[in-house]
Amino acid sequence: CHHVTGECSCPPGWTGHGCEHPCSSGRWGRGCANSCACDGGDGGCDPATGACSCQPGFTGQRCQ
């Protein structure tokens, strides 16, 4: 936490006043500031790393 404001500095993939909420679907990274770059199947991505989670029938770095 910030020593003056008390605001938490959440690790990548987490958000909220106390870092209690994972990033919403389609978002990832510190402050959930990044959008998932996954194509086909829209399986979403890992909230911390942005790695795509492919739906069955889709493969590749971006599930393309």
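Screening the candidates Ala37, Ala48 for the property of being modelled with pLDDT of 90 or more and in a loop (DSSP other than H, G, I, E, B) yields one hit, Ala48. For the stretch 4-42, filtering for residues that are open to solvent by 60 Å² or more (accessible area, probe 1.4 Å) and either basic (Lys, Arg) or over 13 Å from the mean Cα position of the chain (by Cα) (or both) leaves 10. Of all the listed residues (Cys52, Cys1), the sole one being of a type outside the set (Lys, Arg) and surrounded by 12 or more Cβ atoms within 10 Å (Cβ to Cβ) is Cys52.
The values are calculated or read from the model by the stated rules, or taken from the named source; none is laboratory data. The shown structure was predicted, so the numbers you read here are calculated from the model rather than taken from an experiment. FYI the Cβ positions are ideal-geometry reconstructions off the backbone, even for glycines, and counts take in every protein chain you see. Calculation scope for accessible area: heavy atoms of the full protein, side chains included, ligands and nucleic acids excluded. Shrake-Rupley method; radii C 1.70, N 1.55, O 1.52, S 1.80 Å.
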